[in-house]
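The structure appears right after this line, and notes come after that.
Just so it is clear, none of the values below were taken in a lab; they were calculated from the coordinates. Predicted model, so just to flag it, every value in this text is computed and none were measured.
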Ligand SMILES: [Zn+2]
């Protein structure tokens, strides 16, 4: 995971978003930067959670 481009608070938010997608397949949470929706991709053993706005919040998790 890349901590350099997001704050700790943003990381906590997007971690919760990732959990929501993993459990429920959706999230009610909104991006704290732009107020937009998040989207979620699974790629083999890793997953990517990102804001729909380009170059906004994004994390990739591996080995869940
Ligand atoms: Zn955003």
Quiz prompt | Relative contact order %, the chain, counting alpha carbon pairs below 8 Å whose residues are six or more apart | solution = 28
Quiz item: Rounded if a/c is under 1.5, else prolate if a/b is larger than b/c, else oblate: which is the chain, with a ≥ b ≥ c the root eigenvalues of its Cα gyration tensor?
Solution: oblate
Quiz item: Of 25, 35, 44, which has the largest mean-square fluctuation in a 10 Å C-alpha GNM of the chain?
Solution: 44
